[in-house]
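Written out below as structure tokens is the structure these notes cover.
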Amino acid sequence: MGVLDERPRRLGSGRNRCPYCGLMQDRVATLEHGWVLLEPDMRPLAHTVPAEHRWIELSDGRVTVYGVCPPDQFQRCRIEHCLACPQQALPDLWPWLTSLRAENARQAERLSDPEPPPLPPEEWPDAG
Ligand SMILES: [Zn+2]
């Protein structure tokens with residue numbers, strides 16, 4: 001709060017190499033906190049990108065997460081290089097799908113569990 005030295009300056013932005021894959025990425029100041037590393041020359045339509053990963057450019061050159069929901073049909077955005085980087089694990093882009101997959105994994109596990117063999121009649125507790 002009010003620490004001028006920490007305010008990102010546009011002059012400091014530029015391109016640098018991704019330490020993971022060696023490709024270039026754009027280092028861009030954000031409105032909220034410091035810097036973000038964006039995929040260069042890539043502006044997909046915002047609605048094709050998960051909500052928390054849509055960065056839009058402001059008039060001063062900084063970027064911010066595009067919070068309009070639902071997104072404007074024609075709004076373009078930028079994405080972080082880490083989503084496109086071949087050497088980094090993809091983050092959890094669609095959390096509800098990840099939960100669904102986990103739930104389905106549990107269901108599939110139950111399906112593949114061998115059924116307990118039925119008790120022969122003489123061992124039924126009531127067959128006395
Ligand atoms: Zn990379």
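What follows is calculated from the coordinates using simple rules that are stated; it is not laboratory data. This one's a predicted model, so the numbers in the text were calculated from it and none came from an experiment. Counting neighbours? That spans all protein chains shown, and the Cβs are built from the backbone with ideal geometry, glycine included.
Using the Cβ-Cβ distance between Trp35 and Glu115 with R0 = 41 Å, the FRET efficiency computed as 1/(1 + (r/R0)^6) comes to roughly 0.15. Computed over region 60-100, the percent of Cα pairs more than 12 Å apart is 73.
At the listed q of 0.17, 0.19, 0.22 Å⁻¹, the Debye profile of region 4-112, built from one uniform point per Cα, gives log10 I(q)/I(0) equal to -0.87, -1.01, -1.21.
Extension gain for Asn104 to Leu83 (0.36 nm times residue separation, less C-alpha to C-alpha distance): 5.1 nm.
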